[in-house]
Amino acid sequence: MRNVFIDKKLEKEFQENGFVRVPFLNKEKVDYLKNTFFELVKESGGINVPGEVLGDANYEVTYDFTFIDKNIDYKKKTFRKINEVFDPIYNDILDNYKPIIGNFIRKKKDAGEVPLHQNWAFADEEKCSTVSIWVPLVDSNVDNGTLQVVPKSHKRFGKTRGPIVPWELEEIKGNIIENHLVPLETKAGDAVILDDSIVHYSAINKTEGLRLTIQLILIPNEFPSIHYHMNPSISNEKIEVLEVDHEFYMNFNPWKLPEGEKRIKEVGFNEKPISEKDFIKRIKGPRFDKYHKPILKRAFEKFGFS
Ligand SMILES: O=C(O)CCC(=O)C(=O)O
Ligand SMILES: [Fe+2]
């Protein structure tokens with residue numbers, strides 16, 4: 001397995017829990033990016049889709065989310081502006097990662113629930129981890145709908161995640177929201193760096209105040225980005241693995257089937273909905289990738305002291 005972090009302690013913590021927290025932006029940069037959002041959002045073309053793109057046809061998107069904006073130019077500018085500020089900072093933390101998608105996420109009062117989900121897979125997760133750097137530009141807490149995660153749920157579920165691929169946790173979403181989430185209250189400018197495969201969620205903003213966050217998604221420099229595409233009218237037991245790039249994500253539109261992307265291979269799909277009991281069991285069980293705990297730790301665990 002390839003490293004995510006330069007620092008060994010952060011690496012260990014990330015591999016154990018599926019996320020870490022680090023200081024990221026100073027106040028000046030937070031203010032600059034907040035202003036940048038209000039400047040850029042004037043160009044927003046509005047949201048492209050009903051919730052379908054996020055996997056649920058009955059769900060209505062009630063937050064501003066750059067990725068599904070109709071204006072491609074606005075998406076590109078947002079990506080550039082975020083990355084300009086983030087680049088020198090993550091290069092000192094992450095071990096040789098490149099950015100592919102940059103988002104602002106804004107929730108208005110009494111709205112903005114982000115359903116329980118895992119982010120799509122953006123590279124081969126058997127061989128590496130892709131990350132989202134999540135940085136609120138205002139203090140984020142339970143009242144204004146901060147990010148909530150299921151610790152240690154990374155690399156356990158939905159190995160081939162994509163917009164149309166059925167989700168094995170779909171039927172127990174409510175139970176997970178009720179019983180397994182941990183809210184990450186976060187000061188403006190601090191970052192949560194998430195494994196994109198961790199199960200996460202955020203509730204509505206119950207306050208009058210602004211709830212504005214940045215998400216920058218990165219993959220290892222030497223890996224191609226991939227996109228798992230299912231076409232249910234052909235088969236719901238097969239997934240095409242497409243090689244894609246930053247441009248693909250900028251132009252992504254849920255109504256447009258991928259075309260012209262390089263098809264690497266096809267993989268079988270046979271995941272079925274699981275129960276809450278199995279959810280708990282799987283979290284404690286092995287990961288789907290090739291990560292191995294240091295041998296000594298495994299031995300200790302086996303013999304009962306850890
Ligand atoms: O900011 C949020 O509420 C959601 C963020 C999220 O889903 C992500 O960063 O992957
Ligand atoms: Fe997410």
Arrange the residues LEU218, LEU181 by how much accessible surface each exposes, largest first, with a 1.4 angstrom probe.
LEU181, LEU218
The ³J(HN,Hα) series, computed from each phi in region 183-193 with the Karplus coefficients 6.51, -1.76 and 1.60 at θ = phi - 60°, rounded to the nearest Hz and given as x for glycine or proline, is x, 9, 5, 9, 6, 3, x, 7, 10, 9, 9
Computing the accessible area with a 1.4 Å probe over protein heavy atoms, can you report the carbon and sulfur percentage for region 8-302?
52 percent
Residues meeting the amide H criterion for LEU116 (H placed from the backbone, H to H distance under 5 Å, 5 or more places apart or on another chain) are none
In Å², nearest 10: area of HIS292 left accessible to a 1.4 Å probe
120 Å²
Taking SER132, SER275 and ranking on accessible area (1.4 Å, protein atoms only), highest first, one gets SER275, SER132
Across the Cα atoms of region 119-245, what radius of gyration and what greatest pairwise Cα-Cα distance (Dmax) are found, in Å?
16.1, 47
So how far, in whole Å, is the C-alpha centre of region 69-99 from the one of region 146-210?
22 Å
Convert each backbone phi in region 272-279 into a coupling constant with the Karplus relation 6.51 cos²θ - 1.76 cosθ + 1.60 (shift: θ = phi - 60°), then list the ³J(HN,Hα) values in order as whole Hz, x for Gly and Pro.
10, x, 10, 8, 4, 4, 5, 4
Take PHE269 and GLU11, extend 7 Å from each Cα along the Cα→Cβ direction, and tell me the distance between the two endpoints in nm.
3.4 nm
Proximal lysines to LYS42, defined as alpha-carbon separation beneath 24 angstrom and excluding residues fewer than eight positions away on the same chain
LYS27, LYS29, LYS34, LYS70, LYS75, LYS76, LYS77, LYS81, LYS107, LYS108, LYS109
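Determine the gain in length on full extension of the stretch PHE288-GLU60; use 0.36 nm per residue of separation and subtract their C-alpha separation, reporting nm with one decimal.
78.9 nm
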Once you have the Cα-Cα distance between LYS173 and ASP139, take 0.36 nm times their residue separation minus that, and quote the gain in nm to one decimal.
9.6 nm
Diffing region 229-237: the Karplus 3J(HN,Hα) column from phi (6.51, -1.76, 1.60, θ = phi - 60°), in whole Hz with x for Gly and Pro, holds 10, 10, 10, x, 6, 9, 6, 9, 10
Can you tell me the accessible area per residue over the chain, all protein chains present, probe 1.4 angstrom, in square angstrom?
48 Å²
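The values are calculated or read from the model by the stated rules, or taken from the named source; none is laboratory data. These numbers were taken from a predicted model, which means no experiment stands behind them. Heads up, the Cβs are rebuilt from the backbone with ideal geometry, glycines too, and the neighbour counts pull from every protein chain shown. These accessible areas exclude ligands, DNA and RNA; they are computed on the full protein's heavy atoms, side chains included. Shrake-Rupley method; radii C 1.70, N 1.55, O 1.52, S 1.80 Å.
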